[in-house]
Amino acid sequence: MPPAFRDRSCSGFTLTELLVSASLLALLLGMGVPSLAAVMDRSRSLAAMLQLKSMLELARQHAVVQTTAVTLCGTNEERACVAAWSNSAVLAFVDANANRAVDPGETILAESVLPRSGTLRWKASGARSYIRFDLDGGVREYGMFVYCPEGKDSHRARALIVAPTGRVRAATDRTLDGIPEDGSGRNIACV
């Protein structure tokens, strides 16, 4: 049959079919985007805590093996410890004179920038803004790191608990309510 005489009723979509298909696609995408945001928040939280945990373990190990005190803190551009851990680099270094600043001759063990999309808080004994690992691996500044994503949803938060022995463990959700608990069994809060 010559091309001029083909039946054209089967060659495409009608306007109604196209609009229905586009509406269904928009509906499915609308349902998937919020869950994708939740997955991204959880992923960022987990990545930040894994990175921080490895830095804490490295600092503790170095203090024990090299028999030297090691400080870990949030820092500014001058590489001095600052009170706020969010939006700053995290630095682990040999701090021979205990002044919480990297001086000439002091070794930087690790430096990392955690994700800037959330907040990182360090709640320590004695309200100190740093951690100093002693020669035996113990710390005087024990406490908890809490990472909260931008939306401040505690269900997507993560926490690390630092014991006086210097050992680090992830906070778990023992009550199965979707929110990790601190060392005392209270839900962590993103505020």
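Working carefully through the options Glu141, Glu150, find the one that is modelled with pLDDT under 90, farther than 24 Å from Asp41 by Cβ, of a type outside the set (Lys, Arg) and surrounded by 14 or more Cβ atoms within 10 Å (Cβ to Cβ).
On the way: Glu150 fails: farther than 24 Å from Asp41 by Cβ.
Residue meeting the stated conditions: Glu141.
Within the option set Ala163, Ala171, being out of contact with any Asp or Glu (no Cβ under 9 Å at 6 or more places or on another chain), of a type in the set (Gly, Ala, Ser) and modelled with pLDDT of 90 or more holds for one residue only, Ala163. Within segment 56-76, the residues that satisfy the criterion of being part of a helix (DSSP H, G or I) and surrounded by fewer than 20 Cβ atoms within 10 Å (Cβ to Cβ) are Glu57, Leu58, Gln61, Val64, Val65. For segment 172-186, indicate whether the set of residues that are within 19 Å of Trp85 (Cα to Cα) and buried (at least 17 other Cβ atoms within 10 Å of the Cβ) is non-empty. No, every residue in segment 172-186 fails to be within 19 Å of Trp85 (Cα to Cα) and buried (at least 17 other Cβ atoms within 10 Å of the Cβ). Scanning segment 77-87 for residues that are in contact with a Ser or Thr (Cβ under 8 Å, 6 or more places away or on another chain), surrounded by 14 or more Cβ atoms within 10 Å (Cβ to Cβ) and either more than 18 Å from Ala159 (Cα to Cα) or modelled with pLDDT of 90 or more (or both) yields Cys81, Val82.
Checked against (1) out of contact with any strand residue (DSSP E or B) (no Cβ under 7 Å at 6 or more places or on another chain); (2) without any contact (Cβ under 8 Å) to a residue 40 or more places away in the chain, Thr67 passes all but condition (2).
The residue pairs whose first member lies in segment 1-25 and is modelled with pLDDT of 60 or more, whose second member is part of a helix (DSSP H, G or I) and not aliphatic (A, V, I, L, M), and whose beta carbons are closer than 8 Å, counting only pairs six or more residues apart or on different chains, are Phe13/Ser21. For Gly143, the stated conditions do not hold, so it cannot be described as of a type in the set (Gly, Ala, Ser), in contact (Cβ under 8 Å) with a residue 24 or more places away in the chain and either in contact with a strand residue (DSSP E or B) (Cβ under 6 Å, 6 or more places away or on another chain) or closer than 13 Å to Leu52 by Cβ (or both). Per the conditions (1) without any contact (Cβ under 8 Å) to a residue 60 or more places away in the chain; (2) surrounded by 14 or more Cβ atoms within 10 Å (Cβ to Cβ); (3) within 14 Å of Pro149 (Cα to Cα), the sole criterion not satisfied by Arg42 is (1).
The values are calculated or read from the model by the stated rules, or taken from the named source; none is laboratory data. This one's a predicted model, so the numbers in the text were calculated from it and none came from an experiment. Every residue, glycine among them, receives a Cβ derived from its backbone with ideal geometry; neighbour counts consider all protein chains shown.
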